[in-house]
1. Is it the case that segment 76-84 has a residue that's of a type in the set (A, V, I, L, M), more than 21 Å from Ala19 (Cα to Cα) and either in a helix (DSSP H, G or I) or out of contact with any Gly (no Cβ under 7 Å at 6 or more places or on another chain) (or both)?
2. Are there any pairs with C-beta distances below 8 angstrom linking a residue in segment 199-227 that is open to solvent by 60 Å² or more (accessible area, probe 1.4 Å) to a residue that is not β-branched (Val, Ile, Thr), with the two at least 6 apart or on different chains, and if so which?
3. Quick one: in segment 35-57, which of the residues that are among the hydrophobic types (A, V, I, L, M, F, W, C) and in contact (Cβ under 8 Å) with a residue 24 or more places away in the chain is surrounded by the most Cβ atoms within 10 Å (Cβ to Cβ)?
4. Any idea which of Ala166, Ala118, Ala123, Ala174 is hydrophobic (A, V, I, L, M, F, W, C) and surrounded by 15 or more Cβ atoms within 10 Å (Cβ to Cβ)?
5. Taking segment 70-103 as the search range and keeping residues that are open to solvent by 90 Å² or more (accessible area, probe 1.4 Å) and either of a type outside the set (A, V, I, L, M) or touching a residue at least 24 places away in the same chain (Cβ under 8 Å) (or both), which one is nearest to Ala237 (Cα to Cα)?
6. What do you reckon, is Thr238 surrounded by 12 or more Cβ atoms within 10 Å (Cβ to Cβ), in contact with an Asp or Glu (Cβ under 7 Å, 6 or more places away or on another chain) and either free of Cβ contacts under 8 Å to residues at least 12 places away in the same chain or in a helix (DSSP H, G or I) (or both)?
7. Criterion first (open to solvent by 20 Å² or more (accessible area, probe 1.4 Å) and either out of contact with any helix residue (DSSP H, G or I) (no Cβ under 6 Å at 6 or more places or on another chain) or at negative phi (or both)) does Ala60 satisfy it?
8. Looking only at segment 178-194, count every residue that is at pLDDT 90 or above and loosely packed, with under 13 Cβ neighbours inside 10 Å and tell me the total.
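The values are calculated or read from the model by the stated rules, or taken from the named source; none is laboratory data. Computed from a predicted structure; not experimentally measured. Glycine gets a Cβ as well: all are built from the backbone with ideal geometry, and neighbour counts include every protein chain shown. SASA here: full protein model, heavy atoms, side chains in, ligands and nucleic acids out. Shrake-Rupley method; radii C 1.70, N 1.55, O 1.52, S 1.80 Å.
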Amino acid sequence: MLAFGRLGDLRGQRRIFLAGFAIFIAGSALCGLAPTVPTLIAARAVQALGAAMLFSNSIAILIGTFGTRERGRALGAVSVFTYSGLTAGPPLAGFVTDAIGWRGIFTLTFVLGLACFAICWRALPTDREVRARGTFDLPGTILLTATVSTFLITLQEATSWGVTSALTIGGIAASIVLAAAFVTTERRVASPILDLRLFRTRAFSAATLSSTANYVSVAAVYVLIPFYLIHGRGLSATSTGLIIAAQ
């Protein structure tokens with residue numbers, strides 16, 4: 001998201017947003033057609049790539065489009081639609097899964113994606129003249145990606161490798177080294193992908209920390225609860241979706 005946000009600043013946010021939408025739609029189609037689980041995972045990665053391009057530029061487009069008096073209303077509307085989608089998504093997905101199978105979820109996503117892409121293509125304002133200066137921070141992007149990937153893979157596989165195994169300890173150590181290299185690089189480059197000076201502001205640091213804690217907690221529940229309700233309690237996908245919506 002940091003990388004695509006920076007690309008939006010340099011190349012135009014509408015352009016990156018629409019390109020991300022196209023990639024997300026293509027990923028949805030690939031998910032629905034996936035013949036094997038590894039293929040499905042790869043297609044989901046394509047979806048994630050497109051989603052990162054969408055999320056990292058959508059708010060910037062809104063802020064650049066609406067004036068000061070309308071901006072609060074626009075951002076509020078985004079929050080309403082976002083959480084309405086998060087509420088309606090689980091029961092809808094559960095119903096579709098029970099009715100026609102899991103592939104139907106991605107078929108629905110593909111169709112809705114095409115409709116939304118057509119609306120955005122017509123409605124989004126043309127990119128203004130790009131005013132961002134500097135270059136794209138490729139070293140920082142590579143180091144950040146390596147840091148996050150190494151850390152997440154280590155967390156994911158720690159139970160298989162063993163918490164005290166050489167692989168787990170080595171993965172955590174590698175994550176720390178990569179993170180240190182990332183911080184060092186960001187302090188030296190002229191146009192960092194993440195301006196570390198932002199964290200000197202107490203309000204920004206506190207908001208980022210609380211937001212991170214919130215997303216970690218919510219994501220953990222959303223990942224675990226469906227498995228527990230379906231495989232542990234024997235509930236249908238529809239019932240599981242309704243419970244998650246209530247939450």
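1. yes
2. Final answer for the pair search is Phe199/Ser205; Phe204/Leu198.
3. Ranking the candidates gives Met53 first.
4. Working: Ala166 fails: surrounded by 15 or more Cβ atoms within 10 Å (Cβ to Cβ); Ala118 fails: surrounded by 15 or more Cβ atoms within 10 Å (Cβ to Cβ); Ala123 fails: surrounded by 15 or more Cβ atoms within 10 Å (Cβ to Cβ).
Of Ala166, Ala118, Ala123, Ala174, the one residue that is hydrophobic (A, V, I, L, M, F, W, C) and surrounded by 15 or more Cβ atoms within 10 Å (Cβ to Cβ) is Ala174.
5. In this case the residue turns out to be Phe95.
6. When the stated conditions are applied, Thr238 passes them.
7. Criteria met by Ala60.
8. Summing the residues that are at pLDDT 90 or above and loosely packed, with under 13 Cβ neighbours inside 10 Å in segment 178-194 gives 4.
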